[in-house]
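Here's the structure we're looking at; comments come further down.
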Amino acid sequence: MRLTLNWLKEYVDIDMEPEALARLLTMAGLEVEALEPLGRGLEQVVTARVASVERHPNADRLFVCRVDAGEGEVEVVCGAPNVREGMVTAYAPPGSRLPNGPAVKETRIRGRVSHGILLAEDEMGLTDDHSGVMELPGDLTPGSPVNRVLPLEDWALEIGLTPNRPDCTSVIGVAREVAALTGGTLRRPEIPSMEGDRSAIEEHTRVTVDDPQGCPRYSAGIVWKVEIGPSPFWMRYRLHSSGVRSINNVVDVTNFV
């Protein structure tokens, strides 16, 4: 089972270093087989606001963007289909280095010089999304280090569960174990009521229990006005860090729960 330290901390206070937590869990029977740092190596990646976008004169699928990264506008050549004027995204200036990658250089692309690159999430090792450049909140100040404005730094724990510990096959289950080992308090998430107009539901669907003894209760409900689309970054990052691929908001929230 793979989960992250920040996710655990939402349900129980943890004041020890990740390595100490890994030893504590291992000695309690939840062997931590791997401890992996996340969100590192992005100190030189900053936020940038796209001031203008125009088609590259010598390439159909490229754009020439003017971007403001806090020290005046520079020109960046980009091929992302979602780049647009006014958006805030992640920018790697010349001389910066990405995780497990070479140093970024000024590059001439089809006759136009690109002063750095605009980044997709997978290029920063955050998720596997390469559909376009990363979209950041529009109120961020250009030039801010991305790893300071977003909670990216984390640790992933890979726990080898034995068959006798099904109680720990969830984040809350592991948090409960940590609380028991440290004397802490488990904080369960608040679950809002889903009560609604029962008659309205029965107009559209119903459940018939053919075997009340074998199945004493079976419930159903309807969720209205759901639009299929991408999940917010925080959820996709958390799922990716836990070894789950993002599909869309409906699938992702199911996997998240």
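Structure data summary
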read-out	value
Cβ pairs under 8 Å, 6+ apart, first in the stretch 98-115 and under 29 Å from Leu38 (Cβ atoms) and at pLDDT below 95, second open to solvent by 50 Å² or more (accessible area, probe 1.4 Å) and β-branched (Val, Ile, Thr)	Val104/Ile117
Criterion: out of contact with any strand residue (DSSP E or B) (no Cβ under 7 Å at 6 or more places or on another chain), on the phi > 0 side of the Ramachandran plot, in contact (Cβ under 8 Å) with a residue 60 or more places away in the chain and open to solvent by 30 Å² or more (accessible area, probe 1.4 Å) - qualifying residue of Gly184, Gly125	Gly125
Close pairs from the stretch 22-37: first within 13 Å of Met1 (Cα to Cα) and open to solvent by 80 Å² or more (accessible area, probe 1.4 Å), partner among the hydrophobic types (A, V, I, L, M, F, W, C) and not in a strand (DSSP E or B), Cβ under 8 Å, at least 6 apart	Glu31/Leu25
Residue list for the stretch 93-116, restricted to those being out of contact with any helix residue (DSSP H, G or I) (no Cβ under 9 Å at 6 or more places or on another chain), assigned to a loop (DSSP other than H, G, I, E, B) and surrounded by fewer than 22 Cβ atoms within 10 Å (Cβ to Cβ)	Pro93, Pro94, Gly95, Ser96, Asn100, Pro102, Val104, Lys105, Glu106, Arg110, Gly111, His115
Exclusive hit being among the aliphatic types (A, V, I, L, M), in contact with a helix residue (DSSP H, G or I) (Cβ under 7 Å, 6 or more places away or on another chain) and more than 14 Å from Ala175 (Cβ to Cβ), set Val32, Val64	Val32
Leu119 of a type in the set (A, V, I, L, M) and open to solvent by less than 30 Å² (accessible area, probe 1.4 Å)	yes
Residues within the stretch 149-193 that are small (Gly, Ala, Ser), under 24 Å from the mean Cα position of the chain (by Cα) and over 30 Å from Leu136 (Cβ atoms), tallied	3
Failed condition for Asn147, given (1) more than 30 Å from Ala28 (Cα to Cα); (2) at pLDDT 95 or above; (3) open to solvent by less than 40 Å² (accessible area, probe 1.4 Å); (4) not hydrophobic (A, V, I, L, M, F, W, C)	(2)
Test: Arg148 is outside any loop (DSSP other than H, G, I, E, B) and charged (D, E, K, R)	yes
Selection within the stretch 195-252 - open to solvent by less than 50 Å² (accessible area, probe 1.4 Å), among the hydroxyl-bearing types (Ser, Thr, Tyr) and either in a loop (DSSP other than H, G, I, E, B) or farther than 30 Å from Glu158 by Cα (or both)	Ser231, Ser242, Ser246
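The values are calculated or read from the model by the stated rules, or taken from the named source; none is laboratory data. All figures in this text were calculated on a predicted structure; none of them were measured in a lab. Every residue, glycine as well, gets a Cβ built from its backbone with ideal geometry; the counts of neighbours run over all protein chains shown. Remember, those area values only see protein heavy atoms, side chains included, never the ligands or the DNA or RNA. Shrake-Rupley method; radii C 1.70, N 1.55, O 1.52, S 1.80 Å.
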